[in-house]
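One structure is given here, and the rest of the page talks about it.
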Amino acid sequence: MSEVLVLVEHVEGQIKKVTLELLTLARKLGTPSAVWAGPGYSADAKAKLAEHGAEKIYVADAADITDYVVAPKVDLLQQLVSSASPAAVLVAATAEAKEIAGRLAVRTDSGVLTDVVGLEDGAVADQSIFGGGVNVRSRVTKGTPIIAVRPNAVPVEAAAAAGAEEQVSVAVSDASRTAKVVERVKEEKGARPELTEAAIVVSGGRGVGSAENFSIVEKLADSLGAAVGASRAATDAGWYPHQFQVGQTGKTVSPQLYIAAGISGAIQHRAGMQTAKTIVVINKDPEAPIFEIADFGVVGDLNQVVPQLTEEIAKR
Ligand code: FAD
């Protein structure tokens, strides 16, 4: 079976869940080979990748791979595409990895599919496009399929594999040294899961009414072990930090459960959340457009419904 390259997403050596999802999907297309770019590789990382189906692990852990924004990672993948002739390259549909995918496609004269939410034999992909308004089935017809998959698109399945390590040295070209990372600023994270990776997201909108009142959204999120999101109306009003904005100009989430409280469901908000598996809406206006995409809806005042829901969940 052909190799399928999976670009590992990691922060300070910790592998992100989306990588395990990519390894799960990669097995549909061939034999997964993980590609580790940058410092932080460890025995724990190796074990985790092997437990999730990585037959081979290419390790390029030189610091300059991550010092120069995305270009060295493109150099690395281009080198591996040329030496391993993989059946496909899978990356996460994050802002950085989508840029890598696009550049790699140009360099290897291949087709690229982004915002993929499902994958089948023959690298036929389900894509959520036009801000989530349309789903299409697509297949790359030229070169090596380069596929960017949204976090939370598939459940992780473990599968033991060899995890055979192969060190790779990449000559970072001068062209790749034109944009250097000068500082990394950590996102405020706290104890909650990261928004784009969370299995459950509870979001609040203008209906929440104030920054202080976002505490009821946070309490519901904490009772469920969820991340907190917000509509742009809420972030623009300064009620919640911009980094938690969900939507076209915010983050794209695809959790198992999305709870929208006091959000009307503008197309720009839907673009970031409508591939969630189950959508629960709490809104006092029965005509709010977000009910069109809701699996379950409560017509009511969120100031009453959200605390009641939190209390009920806490009892269980
Ligand atoms: P509103 O539309 O004002 O809706 C508030 C809702 O709360 C209403 O449905 C109301 O019935 C309900 N409500 C009020 N009080 C209560 C209560 N007590 N209990 C229950 N329900 C209550 N928006 C995003 O979210 N993300 C984006 O990334 C984004 N990008 C954009 C990009 C562009 C280029 C543009 C033009 C717009 C973008 N927007 C984005 C803005 C978007 O168009 C909407 O304005 C925004 O999503 C509205 O936020 P909202 O639903 O919280 O507010």
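The values are calculated or read from the model by the stated rules, or taken from the named source; none is laboratory data. Please read all numbers here as calculations on a predicted model, not as lab measurements. Heads up, the Cβs are rebuilt from the backbone with ideal geometry, glycines too, and the neighbour counts pull from every protein chain shown. Quick note on the areas: whole protein, heavy atoms, side chains included, nothing else; ligands and nucleic acids left out. Shrake-Rupley method; radii C 1.70, N 1.55, O 1.52, S 1.80 Å.
Of the residues Pro155, Pro151, which is closer than 23 Å to Trp36 by Cα, surrounded by 17 or more Cβ atoms within 10 Å (Cβ to Cβ) and touching a helix residue (DSSP H, G or I) at 6+ places or on another chain (Cβ under 9 Å)?
On the way: Pro155 fails: surrounded by 17 or more Cβ atoms within 10 Å (Cβ to Cβ).
Result of the check over Pro155, Pro151: Pro151.
With without any contact (Cβ under 8 Å) to a residue 40 or more places away in the chain, closer than 26 Å to Val172 by Cα, open to solvent by 50 Å² or more (accessible area, probe 1.4 Å) and over 20 Å from the mean Cα position of the chain (by Cα) as the only criterion, which of Gly111, Gly143 stands out?
Gly143
Looking at segment 74-88 only, could you name the residues that are surrounded by 24 or more Cβ atoms within 10 Å (Cβ to Cβ), of a type in the set (A, V, I, L, M) and farther than 13 Å from Trp36 by Cα?
Ala88 - this is the single residue of segment 74-88 that is surrounded by 24 or more Cβ atoms within 10 Å (Cβ to Cβ), of a type in the set (A, V, I, L, M) and farther than 13 Å from Trp36 by Cα.
Quick check on segment 161-180. Is at least one of its residues of a type in the set (Asp, Glu) and free of Cβ contacts under 8 Å to residues at least 12 places away in the same chain?
Yes: one or more hits.
Residue-wise test of (1) more than 19 Å from Val18 (Cβ to Cβ); (2) free of Cβ contacts under 8 Å to residues at least 60 places away in the same chain.
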residue: Ala50; (1), (2): no, no
residue: Lys56; (1), (2): yes, no
residue: Tyr68; (1), (2): yes, no
residue: Ala71; (1), (2): yes, no
residue: Leu77; (1), (2): no, no
residue: Ser82; (1), (2): yes, yes
residue: Ser85; (1), (2): yes, no
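Condition first: part of a strand (DSSP E or B) and at pLDDT below 95. Now tell me which residues in segment 11-27 satisfy that.
Scanning segment 11-27 gives Val11, Gln14.
Among the candidates Ala171, Ala158, Ala148, Ala164, which residue alone is at pLDDT 90 or above, more than 21 Å from Ala92 (Cβ to Cβ) and touching an Asp or Glu at 6+ places or on another chain (Cβ under 9 Å)?
Only one candidate passes the filter, namely Ala164.
Can you tell me how many residues in segment 174-192 are within 18 Å of the chain's Cα centre (by Cα) and either modelled with pLDDT of 85 or more or not in a loop (DSSP other than H, G, I, E, B) (or both)?
1
Restricting the search to segment 269-304, which residues are of a type in the set (Val, Ile, Thr) and away from the ligand (no atom under 12 Å from the Cβ)?
Looking only at segment 269-304, we keep the residues that are of a type in the set (Val, Ile, Thr), and these are 275, 278-282, 290, 293, 298-299.
Those that are of a type in the set (Val, Ile, Thr) and away from the ligand (no atom under 12 Å from the Cβ): Thr275, Thr278, Ile279, Val280, Ile293.
Can you find even one residue in segment 250-265 that is more than 22 Å from the chain's Cα centre (by Cα) and either within 29 Å of Lys17 (Cα to Cα) or more than 7 Å from the ligand (Cβ to nearest atom) (or both)?
Yes, some residue in segment 250-265 is more than 22 Å from the chain's Cα centre (by Cα) and either within 29 Å of Lys17 (Cα to Cα) or more than 7 Å from the ligand (Cβ to nearest atom) (or both).
With the structure loaded, tell me whether Ala160 is closer than 25 Å to Gly53 by Cβ, of a type outside the set (D, E, K, R) and open to solvent by 60 Å² or more (accessible area, probe 1.4 Å) or whether it fails that test.
Details: closer than 25 Å to Gly53 by Cβ: yes; of a type outside the set (D, E, K, R): yes; open to solvent by 60 Å² or more (accessible area, probe 1.4 Å): yes.
For Ala160, the condition - closer than 25 Å to Gly53 by Cβ, of a type outside the set (D, E, K, R) and open to solvent by 60 Å² or more (accessible area, probe 1.4 Å) - is met.
Any residue that is of a type outside the set (Val, Ile, Thr) and near the ligand (Cβ under 7 Å from one of its atoms) - is there at least one of those in segment 210-226?
No, the conditions are met nowhere in segment 210-226.
If we keep just the residues of segment 116-140 that are in a loop (DSSP other than H, G, I, E, B) and open to solvent by 50 Å² or more (accessible area, probe 1.4 Å), which is nearest to Arg270 (Cα to Cα)?
This residue is Gly133.
Would you call Ala63 more than 21 Å from the chain's Cα centre (by Cα) and surrounded by fewer than 18 Cβ atoms within 10 Å (Cβ to Cβ)?
Judged against the criteria, Ala63 is a match.
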